[in-house]
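Notes follow once the structure below has been shown.
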Protein chains: 2
Amino acid sequence: MARKAQHSKEELRAMALAAAREIVAAEGAAGLSTRKVAARMGYAAGTLYLVFRNLDDLVLQLNAATLEALDAHLAEALARLPAGAGPRQRLLTLAHAYYLFAQEHFHLWSLVFEHHLPEGETMPESLAARVRALLGRVEAELAHLGAGAALAARVLWSGVHGIAVLALTDNLAATGPVDAPALVDSLVNRYLDGFAAARRNQS
Amino acid sequence: MARKAQHSKEELRAMALAAAREIVAAEGAAGLSTRKVAARMGYAAGTLYLVFRNLDDLVLQLNAATLEALDAHLAEALARLPAGAGPRQRLLTLAHAYYLFAQEHFHLWSLVFEHHLPEGETMPESLAARVRALLGRVEAELAHLGAGAALAARVLWSGVHGIAVLALTDNLAATGPVDAPALVDSLVNRYLDGFAAARRNQS
DNA sequence: CAGATTGTTGAACGGTGTTCATAAATGGCC
DNA sequence: GGCCATTTATGAACACCGTTCAACAATCTG
């Protein structure tokens with residue numbers, strides 16, 4: 001029932017990831033299924049198991065691709081900035097670009113953080129490297145803080161992420177309309193102010 | 001096949017929620033199923049639909065109960081504080097108590113934020129009220145900031161939530177060991193410092 | 001042209017949420 | 001006490017899910 005090498009394994013992988021991306025973007029994680037992905041590629045569901053260990057594996061690879069797209073999105077935002085922009089403006093730009101990406105690609109972005117690895121398993125290096133790259137962007141803009149940069153980068157990254165989570169999943173909407181960009185501004189500006197003040201007091 | 005009123009509807013509801021809570025706590029959201037909940041109560045799966053509209057409805061009610069438990073946890077933490085504790089210490093206590101709850105009841109806490117409502121539907125009032133109560137706790141401690149309290153409460157709440165999400169789902173672990181309580185301390189202290197500084201400059 | 005190899009299938013298994021005709025046990029009525 | 005209506009719960013049925021795998025068609029090799 002099968003002619004030979006209709007598509008190479010690498011092509012199959014790319015087709016499957018593209019199909020899965022479209023499905024998740026349109027219907028959310030709940031709408032994703034092996035049968036739907038396969039149908040969209042014109043293959044049977046079993047074929048996916050030639051290329052992925054299982055659906056979890058496919059999701060993990062899709063998530064790596066999503067983080068790669070996020071990284072590119074952040075790079076573009078920084079590139080649009082005038083050359084003379086200071087660290088604070090660059091950090092604000094990163095933070096807002098993150099929120100924008102989360103909003104525009106809500107379902108794909110959610111999938112990254114809602115996919116729990118099976119108990120005890122560890123994140124594949126492909127994903128871990130992507131996370132490091134993203135956090136590295138923030139750390140780079142905080143270099144002027146010296147030893148505190150690593151801590152500050154994680155706080156700001158987590159903080160902006162938290163704002164995006166609660167704003168986009170309507171978990172704050174219950175308390176009235178939410179101006180997420182204003183929250184992001186407040187977080188980054190006040191935190192940096194506070195960091196500067198703490199450094200002054202210390203020396 | 002059924003004798004009459006073995007349990008009242010209210011009893012059935014409570015039994016189902018208790019069973020679901022145990023399952024989620026032990027196996028995570030993925031382990032939850034109508035058949036497992038029903039089996040644990042000694043009933044058939046169909047019986048659940050006498051009490052809940054569907055599984056989504058059950059999850060929503062479980063989430064409301066989880067937020068109620070979180071609220072109680074925060075109240076206890078504040079109650080253990082000496083009467084003379086200032087707002088900053090009370091906020092730090094709240095933030096650390098939040099993280100501790102998320103860590104101890106990881107699966108139940110995850111379920112609250114990973115459960116997306118079907119497109120267009122709105123959060124049931126039972127849940128919304130719980131969210132408002134929690135955010136109200138934070139706002140109360142920020143009253144001394146005046147008009148900025150609402151904004152600051154949302155920023156701090158989201159920020160602490162974000163730290164918990166990324167730390168507990170290992171999305172930061174890729175970048176080395178994470179001391180989540182230190183991140184929480186840094187966020188709350190620097191943000192409050194920055195807020196105070198901004199108010200000084202303004203007046 | 002035969003045979004080995006490869007790529008793909010589709011049926012099968014055990015699971016899922018949900019619906020609903022049906023059966024059993026009770027309460028009220030004569 | 002006997003009968004019926006009502007209440008309560010069932011479990012079979014449906015359509016879907018992830019995953020495995022024997023089997024088959026198309027190609028390559030000799």
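FYI, it's all coordinate maths here, none of it is from the lab. The structure presented is a predicted model; accordingly, all values stated were derived computationally and were not measured. Note that we place each Cβ from the backbone using ideal geometry, even for glycine, and neighbour counts take in every protein chain shown.
Worth pointing out:
- Simple Cβ-charge dipole of segment B:1-52, Lys/Arg +1 and Asp/Glu -1, about Cα centre, in debye nearest 20: 180 debye
- Positive-pole candidate from A:His96, A:His161, A:Leu60, dipole of chain A, charges at beta carbon: A:Leu60
- DSSP-loop GluC sites (Glu not before Pro) across segment B:79-148, with at most 13 other Cβ within 10 angstrom: B:Glu119, B:Glu121
- In this simple spin-label approximation, B:Glu27 and B:Asp185 carry label points 7 Å from Cα along the Cα→Cβ vector, and these lie 4.0 nm apart.
- Exercise: per-residue mean of other protein chain Cβ atoms within 10 Å, B:127-136: 3
- Rg over Rh, two decimals, segment A:52-136 (C-alpha only, Kirkwood Rh): 1.05
- Cα-based equivalent ellipsoid, segment A:1-98: semi-axes from gyration tensor eigenvalues, Å: 37, 14, 10
- Total lysine pairs under 24 Å (Cα atoms) in the protein assembly as shown, excluding pairs fewer than 8 apart on one chain: 4
- Karplus-derived 3J(HN,Hα) values for segment B:159-166, using 6.51 cos²θ - 1.76 cosθ + 1.60 with θ = phi - 60°, are x, 5, 4, x, 4, 4, 4, 5 Hz; glycine and proline are entered as x.
- Neighbour-limited loop hits for trypsin sites (Lys or Arg not before Pro), segment A:1-66 (at most 14 other Cβ within 10 Å; DSSP other than H, G, I, E, B): A:Arg3, A:Lys4, A:Arg53
- Per-residue [θ]222 nm for the protein assembly as shown (sum of -39500 (n - 2.57) over DSSP H runs n ≥ 4, rounded to 500): -23000 deg cm²/dmol
- Per residue of peptide B:174-184, the mean number of Cβ atoms on other chains within 10 Å of the residue Cβ is 4.
- Each label was represented as a point 7 Å from its Cα along the Cα-to-Cβ direction; for A:Thr122 and A:Ala198 these points are 3.0 nm apart.
- Of the Cα atoms belonging to the protein assembly as shown, the radius of gyration and Dmax stand at 23.2, 79 Å.
- Once the gyration tensor of the Cα atoms in chain A is diagonalised, the equivalent ellipsoid follows with semi-axes of 38, 18, 15 Å, ordered largest first.
- Mean Cα-pair separation over length for chain B, i.e. relative contact order, pairs under 8 Å, 6 or more apart, %: 20 percent
- Position A:Asp56, label points 7 Å along Cα→Cβ, spacing to each other copy in nm (shortest first, one decimal): 2.7
- Here the Debye sum runs over all C-alpha atoms of segment B:1-52 as equal scatterers in vacuum, and log10 of I(q)/I(0) at q = 0.14, 0.32 Å⁻¹ comes out as -0.33, -1.35.
- Peptide B:20-31 shows a mean partner chain C-beta count of 1 within 10 Å per residue C-beta.
- Annotation for segment A:7-71 versus segment A:126-190: alpha-carbon center distance of 29 Å.
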